[in-house]
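The values are calculated or read from the model by the stated rules, or taken from the named source; none is laboratory data. Note that the structure is a prediction, hence the values are computed from the model and not measured. Cβ: placed from backbone, ideal geometry, glycine included. Neighbour counts: every protein chain shown.
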Amino acid sequence: MKPKVAAAILSAIVPGAGQLYNRHWIKAVAFLAAVIGLSSGIHPDDLIEGRGLAATLVILLLLTAVAIWSVVDAYRSAPPS
């Protein structure tokens, strides 16, 4: 498997894993921290009670953006095969 594809697949599974594969330690920590930080803003109790739906949707949109960014960055920054 080519390094670019492997890095992209790893980042698709866990944001930041492709950066670890590429040995870009700071970027890997940044992506993982972003995902963990954003995920901590989602509270299931608020959704059950009907509060915070808009905020949760914004957080999910940001999580999706970070995940896509992680995959693209891992692919682009991987060494050529």
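Results, tabulated for the structure shown:
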| read-out | value |
| --- | --- |
| Where ILE9 falls short, out of the listed (1) in contact with a Gly (Cβ under 8 Å, 6 or more places away or on another chain); (2) touching a residue at least 12 places away in the same chain (Cβ under 8 Å); (3) under 14 Å from SER70 (Cβ atoms) | (2) |
| Out of ILE68, ILE26, ILE48, sole residue that is modelled with pLDDT of 95 or more, of a type in the set (A, V, I, L, M, F, W, C) and loosely packed, with under 11 Cβ neighbours inside 10 Å | ILE26 |
| Candidates GLY16, GLY52, filtered to the one that is in contact (Cβ under 8 Å) with a residue 40 or more places away in the chain, on the phi > 0 side of the Ramachandran plot and touching a helix residue (DSSP H, G or I) at 6+ places or on another chain (Cβ under 7 Å) | GLY16 |
| Subset of the range 1-23 that is of a type in the set (A, V, I, L, M) and touching a Phe, Trp or Tyr at 6+ places or on another chain (Cβ under 7 Å) - its residue that is surrounded by the fewest Cβ atoms within 10 Å (Cβ to Cβ) | ALA6 |
| Residue check for LEU53: modelled with pLDDT under 95 and among the hydrophobic types (A, V, I, L, M, F, W, C) | yes |
| Residue selected from the range 58-81 under the condition under 8 Å from the mean Cα position of the chain (by Cα) and polar (S, T, N, Q), by the criterion nearest to ILE26 (Cα to Cα) | SER70 |
